[in-house]
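Beneath this line is the structure, given in structure tokens, with notes to follow.
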Amino acid sequence: MNRRYTTLGAGAAAVVLGALLILASQVAVIAAPSAAPAPQAAATSTPLTLQQLSDIQPGLGTIMIEYGHRMAALWFAGQAANWDLAQYQLTEMREIQEVAETTRPARAPALKSFESSFLDPLEEQIKAKDKTKFESAYNSAIQGCNSCHGSQISADWPQGFAFIKVQVPKDSLESIYAYTP
């Protein structure tokens with residue numbers, strides 16, 4: 001028994017000594033005068049031009065990914081009669097659209113037309129909590145999306161974007177995209 005207590009006592013003493021050494025080293029570091037940090041040059045503001053600001057904004061394709069995600073979530077919310085979630089998704093879609101209208105002003109007329117032609121009627125049916133009319137308005141909005149995609153061109157895609165087709169989602173947010181040509 002004595003040997004056991006002696007070993008425990010020696011072990012405990014070693015732990016206490018180790019803790020004291022660590023504590024003492026930290027106190028020495030804190031107490032030691034430290035070298036002053038190297039002076040850094042003051043940041044100078046370099047104003048960006050309007051073109052540079054425009055160049056770093058997300059393209060409409062990036063914005064439309066979120067738009068499509070929310071459009072699909074809107075469908076599933078309507079199907080579940082979760083009208084608050086449906087309204088939230090629609091409100092977020094309008095905000096995303098505002099970003100697109102601001103950062104891509106050439107697309108603003110088409111986006112605003114889509115909003116008044118399709119989002120406004122969709123919102124009416126969400127507020128009415130009428131699932132049948134919601135589905136009809138949603139289907140019209142899907143057709144509006146595809147029509148808009150087909151009518152738009154860009155320097156990168158002079159043939160237009162008719163190949164981007166959306167549909168009523170089936171079972172996931174990603175199923176809003178129709179991948180067949």
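Values as computed for the structure displayed
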| item | result |
| --- | --- |
| LEU48 of a type in the set (A, V, I, L, M), over 15 Å from the mean Cα position of the chain (by Cα) and either in a helix (DSSP H, G or I) or modelled with pLDDT of 95 or more (or both) | no |
| Scan of segment 62-107 for residues that are touching a residue at least 24 places away in the same chain (Cβ under 8 Å) and in a loop (DSSP other than H, G, I, E, B), ordered by number | ALA81, ARG104 |
| Options THR91, THR49: the member that is out of contact with any helix residue (DSSP H, G or I) (no Cβ under 8 Å at 6 or more places or on another chain), closer than 23 Å to ALA155 by Cα and among the polar types (S, T, N, Q) | THR49 |
| Which listed residue is surrounded by fewer than 13 Cβ atoms within 10 Å (Cβ to Cβ) and more than 27 Å from SER54 (Cβ to Cβ), from ASP156, ASP84 | ASP84 |
| Selection from segment 120-134 of residues that are in contact (Cβ under 8 Å) with a residue 40 or more places away in the chain and either out of contact with any helix residue (DSSP H, G or I) (no Cβ under 7 Å at 6 or more places or on another chain) or part of a loop (DSSP other than H, G, I, E, B) (or both) | LYS127, LYS129 |
| Residue within segment 106-114 that is more than 30 Å from GLN52 (Cβ to Cβ), at pLDDT 95 or above and surrounded by 17 or more Cβ atoms within 10 Å (Cβ to Cβ) present | no |
| Residue selected from segment 162-181 under the condition under 26 Å from GLY78 (Cβ atoms) and among the aromatic types (Phe, Trp, Tyr), by the criterion surrounded by the most Cβ atoms within 10 Å (Cβ to Cβ) | TYR177 |
| Considering residues of segment 148-178 that are of a type in the set (Ser, Thr, Tyr) and more than 23 Å from the chain's Cα centre (by Cα) only, the residue nearest to MET71 (Cα to Cα) | SER151 |
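The values are calculated or read from the model by the stated rules, or taken from the named source; none is laboratory data. Everything numeric here is computed off the predicted structure, so don't read it as measured data. Heads up, the Cβs are rebuilt from the backbone with ideal geometry, glycines too, and the neighbour counts pull from every protein chain shown.
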